[in-house]
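> I am attaching a structure below and will ask some questions about it afterwards.
Derivation of every value follows stated rules applied to the coordinates shown; laboratory data play no part. Nothing here was measured: the structure is a model prediction, and the numbers come from that model. When we count neighbours, we look across all protein chains shown, and the Cβ atoms used for this are built from the backbone with ideal geometry, even at glycine.
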Amino acid sequence: MSMHKFSFISGKENRESLGIEYVFDGERIKGYFIPKSTHTSHKDIFHGGLLSAILDDAMATLLLEKGIKAYTGKLNVRFREKVYIKDVIFIEAWIEKSRPPLFITKGVIKKNDLLCVEAEASFFSDLS
């Protein structure tokens with residue numbers, strides 16, 4: 001995988017990383033994670049900021065896997081269902097539109113096939 005090795009979400013060389021590992025199938029990035037009690041926001045609910053960061057990381061990693069170095073320009077997140085500590089969550093991201101240097105990506109987080117969080121992001125590739 002071409003992920004950023006120091007990513008807070010998936011970096012293998014970051015001791016503080018959540019340690020999410022992705023699988024790239026050529027078109028999509030997929031992964032899973034089980035939140036711990038240290039990731040709580042309120043009453044055993046997984047912190048929404050971390051859910052947003054996970055989707056941002058998954059979409060950025062997807063672009064890196066496709067050989068595109070890009071930066072998040074805009075991230076829109078919609079929370080549909082609560083995610084609790086110890087829930088097994090499944091992460092998936094894909095490219096919705098590609099018009100270099102602009103890339104529109106989408107991502108979702110599900111638990112037991114229930115859509116919990118969805119995101120859309122605009123990424124801008126590094127043209128330098």
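> May I ask you to derive the relative contact order of the chain, considering only C-alpha pairs under 8 Å and at least 6 residues apart, and to give it as an integer percent? All intermediate terms of the calculation are to be shown ahead of the outcome.
Values: 286 pairs, mean separation 30.7, N = 128.
Dividing the mean separation by the residue count of the chain yields 24 percent.
> Then there is this: Once the Cα atoms of helix 48-65 and of the chain are each reduced to a long axis, what angle between those two axes, in degrees from 0 to 90 to the nearest 10, is obtained?
With both axes taken from Cα atoms, the answer is about 30 degrees.
> Related question: So what is log10(I(q)/I(0)) for the chain at q = 0.09, 0.11, 0.17 1/Å, when the Debye sum runs over its Cα atoms only?
-0.23, -0.35, -0.83
> Please report, in debye to the nearest 20, how large the charge dipole of the chain is about its Cα centre when each Lys and Arg carries +1 at its beta carbon and each Asp and Glu carries -1 there.
Charge dipole, the chain, about its Cα centre: 160 debye, nearest 20.
> Moving on to the next point. Please work out the FRET efficiency for the pair ASP126 and LYS82, using the Cβ-Cβ distance as r and a Förster radius of 30 Å; give the result to the nearest 0.05.
0.25
> Follow-up. Taking the Cβ of LYS110 as the center, what net charge do the other residues with Cβ under 15 Å away carry, scoring Lys and Arg +1 and Asp and Glu -1?
+2
> Let me ask something else about it. Put +1 on the Cβ of each Lys and Arg and -1 on the Cβ of each Asp and Glu in the chain; which of ILE29, ALA121, HIS4 then has its Cα farthest toward the positive end of the dipole?
ALA121
> With the dipole of region 1-118 worked out from charges on the C-beta (+1 for Lys and Arg, -1 for Asp and Glu) around the Cα centre, which of PHE79, ILE54, GLY107 lies farthest toward the positive end?
Of the listed residues, the answer is PHE79.
> Among LYS110, LYS36, which comes first, second and so on when ranked by fewest other beta-carbon atoms within 10 Å?
Arranged by neighbour count, lowest to highest, LYS110, LYS36 become LYS36, LYS110.
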